[in-house]
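The values are calculated or read from the model by the stated rules, or taken from the named source; none is laboratory data. Note that the structure is predicted; figures quoted are calculated from it, not measured. Methodologically, a virtual Cβ is constructed for each residue, glycine included, from the backbone with ideal geometry; neighbour enumeration extends over all protein chains shown.
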Amino acid sequence: MNKADFLDKVRSSLHRKASDIVAPAPNLLATIKDFKPSSLVKQFQEEYEAVGGNFHLVKSKKEASEKVLEIIKDSKAKSFVFSNDKLIKSIVAKIAIPEAKIISDADIGISSAYCLIANTGTLVLESSVGRLASLLPASHIAVVKDEQLVPTMAEAIEGLDSLPSAWVQATGPSRTADIELTLTIGVHAPGVVDVIMIK
Amino acid sequence: MEISTHDFKNNAKKALKDKNLQIAMKRATKTFVAKREKAISSLDNFEELRSYCGAVKAHTIEHLDYYLEEFISNLENLGVNVHFAADGEEANKIVTQLALEKNVKTVVKAKSMVTEEILLNDALEAVGVEALETDLGEYILQLDGDFPSHIIGPAMHKTKEQITKLFHEKLGSKEDASIIELTAVARKVLRKGFLKADMGISGANFAVAETGSIVLVENEGNIRLTTSLPKIHLTVMGLEKIIPRLKDLPAFLTILPRSATGQKASSYVSLITGPKKETDPDGPEEQHVLIIDNGRSNILADPKLRDALRCIRCGACLNICPVYQNVGGHAYGWVYPGPIGSVLDPGLLGLDSTHQLPQACSLCGACGEVCPVKIPLPELLLEHRQRAVKQGLSAKAEKIGIGAFAFMATHPKLWNSATKIGRLGSQFLSREGHIKGSKIPVMKEWLKERDFKTPAQKSFREQWRNLKDEK
Ligand code: SF4
């Protein structure tokens, strides 16, 4: 079916002709009221931990870098990958294990985030720095800054003039409940997730 | 899946005797209902958001011609190839031709009810293209040659024991593997599929007219992989998935996961807006969107049923439905079960082969109360029943009962007094708290398939009023 015929069918189902169409003006808008945070950092931490994420608050880039090394050491990861992100590049320079040649071979992926949504404990990841480093490895570490926090998704999309090809809101580890509704972590995407926040 | 909506009564009888199914269904629906309630109570204004989302969807459906056109032209501007199909056959032809033209050997699929509706996997296999379901539930069903029974938890009708046995036989996993081990096995097998696939096929939870974005909601990460790894990404969507603006999305993303799985947020929400940009390090080079009618414009053309197109497929009405809880999804005989299935299926397939579905409803009203977009499901079910009666599709004695019922249900005063009378009268007719059909003449035919609990002496509303008075 071509576009014109398809749209005509919809129009005639609504008993309208093409010339009848006027731009509708929805003027509704809702606010989401599910929190009264004392601080966005605290709220993010609570929500992130509630869904099974690990949260670390640090004071400087140097501390963040040390935290990354510590997590990698504890995880016994053999190789890592990272996303094409300024903040990350300087941090990964000191990592002792090798960078994986193929992203899907890496045990750990390191990235930053576009922003963070406090009321749901969500990281916003976007495609311009690459999609795969935060997706393929079994572990994901995100290094972020506290000033990237916004209260809800509404503020995250406010004032955006264009969307990246992929805008992904990631909340905690990959999970499934497809077998008898039993929660199981880490099915297709990272099962271990850490956020290191520089304050 | 062979359509057997015409045979609900027999399907339901079989389901009630299936012990595994009964165990699995009771566990699952109870968990879903409890989780939903908890998640909703953490919001101050769920009712307000419900009204808002219902109104946005109703508005969109009323102006679907406008918003569809806006969505399509935004897709085109983004460099997305847009395809249109009047029905399933045409849709399958478009997808298989595209796959062959692009020399696709393996397709990875993210869960999509509309592709179940049109039997896309069969069509792909028929032209020699491997179609691999990657949602864990869907993968289990594909391994077993089985079909989804729930729009959110597709393998909900299976017990863990059944799945362990299946994986042992088909994938060589341990005979006593735990759920964690089963999941790890599936991850490994499916990851190989992802890495070799030439095309990823997803559905769409929402389509944003203003930006041309496809919104996908999931927990596993298989949708992220499906839309990121293969060179080609195809979205197959029904024409009703549109929402007008990006700023409408946060409200929908607040009510959907709460209503569906009782989560504040699903693990992943992806907004896909066009194919990979030149400067993006990865992502699909080609994006296609296939918009399907397949009976939806018939529902759109029917002002009394149009509201059904608001559905965001959360599954809440299934979980709360006493009939669904007992018979499971397969008994309904098609991809959309439960209350919303009993409303949509007659609209999509015609009432002739589906009129038993709305008749199975016990008219308790629970579905209408949970629906996050406020679809008046009980009214729509009644509408189908009246039409079935008018068209001579349901048994004669039942006609009188339902006709009277519908009349009373739409006249609140009469309804209240009639239910009071019914309640008093039924105390005399019941034995051990159950009414056996034959005692009430007009209900005889109806009750043949139903065994009622004796109505409470006081209705819920009366009890509630008394409680409030006592305070
Ligand atoms: S009809 Fe309402 S409750 Fe049922 S699946 Fe659709 S949105 Fe959810």
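Among the residues of the stretch A:149-199, what is the count of those that are among the hydroxyl-bearing types (Ser, Thr, Tyr) and more than 7 Å from chain B (Cβ to nearest Cβ)?
Restricting attention to the stretch A:149-199, the residues satisfying the condition of being among the hydroxyl-bearing types (Ser, Thr, Tyr) are A:152, A:162, A:165, A:171, A:174, A:176, A:182, A:184.
Now restrict to residues that are more than 7 Å from chain B (Cβ to nearest Cβ): A:162.
Residues flagged as among the hydroxyl-bearing types (Ser, Thr, Tyr) and more than 7 Å from chain B (Cβ to nearest Cβ) within the stretch A:149-199 amount to 1.
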Practice problem: Find the strands (runs of 3 or more DSSP E) located wholly in the stretch B:173-238 whose residues include 3 or more that are over 22 Å from residue B:261 (Cα atoms), and list them. | Solution: B:199-202, B:232-238
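Report, by residue number, each residue of the stretch A:176-199 that is of a type in the set (A, V, I, L, M, F, W, C) and either modelled with pLDDT of 90 or more or on the phi < 0 side of the Ramachandran plot (or both).
As a first pass, look at the stretch A:176-199 and keep what is of a type in the set (A, V, I, L, M, F, W, C): A:177, A:179, A:181, A:183, A:185, A:187, A:189, A:192-193, A:195-198.
Hits for the stretch A:176-199 are A:177, A:179, A:183, A:185, A:187, A:189, A:192, A:193, A:195, A:196, A:197, A:198.
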Quiz item: So how many residues does the stretch B:311-356 have that are within 14 Å of another protein chain (Cβ to nearest Cβ) and within 8 Å of the ligand (Cβ to nearest atom)?
Solution: 2
Quiz item: Can you name the condition, by its number, that residue A:169 falls short on among (1) more than 30 Å from residue B:210 (Cα to Cα); (2) out of contact with any Lys or Arg (no Cβ under 9 Å at 6 or more places or on another chain); (3) modelled with pLDDT of 95 or more?
Solution: (1)
Quiz item: Given (1) more than 15 Å from the ligand (Cβ to nearest atom); (2) more than 7 Å from chain A (Cβ to nearest Cβ); (3) at pLDDT 95 or above, where does residue B:240 come up short, assuming only one miss?
Solution: (1)
Practice problem: Name, by its number, the condition in (1) under 17 Å from the mean Cα position of the chain (by Cα); (2) surrounded by 21 or more Cβ atoms within 10 Å (Cβ to Cβ) that does not hold for residue A:149. | Solution: (2)
Practice problem: For the stretch B:269-286, indicate whether the set of residues that are at negative phi and within 16 Å of the ligand (Cβ to nearest atom) is non-empty. | Solution: no
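Taking the stretch B:248-268 as the region of interest, how many residues are small (Gly, Ala, Ser) and more than 15 Å from the ligand (Cβ to nearest atom)?
2
When you check residue B:389 against the structure, is it assigned to a loop (DSSP other than H, G, I, E, B) and either outside the structural domain of residue B:260 (by TED's automatic domain parsing) or within 14 Å of the ligand (Cβ to nearest atom) (or both), yes or no? Spell out the reasoning first.
Details: assigned to a loop (DSSP other than H, G, I, E, B): no; either outside the structural domain of residue B:260 (by TED's automatic domain parsing) or within 14 Å of the ligand (Cβ to nearest atom) (or both): yes.
No.
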Quiz item: Of all residues in the stretch B:75-105, which are surrounded by fewer than 19 Cβ atoms within 10 Å (Cβ to Cβ), in contact with an Asp or Glu (Cβ under 8 Å, 6 or more places away or on another chain) and more than 19 Å from residue B:296 (Cα to Cα)?
Solution: B:81, B:102, B:103, B:105
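Kindly establish whether residue B:213 is modelled with pLDDT of 95 or more and within 7 Å of another protein chain (Cβ to nearest Cβ). If you could, list the steps in order and put the result at the bottom.
Details: modelled with pLDDT of 95 or more: yes; within 7 Å of another protein chain (Cβ to nearest Cβ): yes.
Yes; evaluated as a whole, the condition is true for this residue.
Does residue B:308 fit the bill of being over 23 Å from residue B:256 (Cα atoms) and among the small types (Gly, Ala, Ser)? Don't jump to the end; show me each part of the working.
Details: over 23 Å from residue B:256 (Cα atoms): no; among the small types (Gly, Ala, Ser): yes.
For residue B:308, the condition - over 23 Å from residue B:256 (Cα atoms) and among the small types (Gly, Ala, Ser) - is not met.
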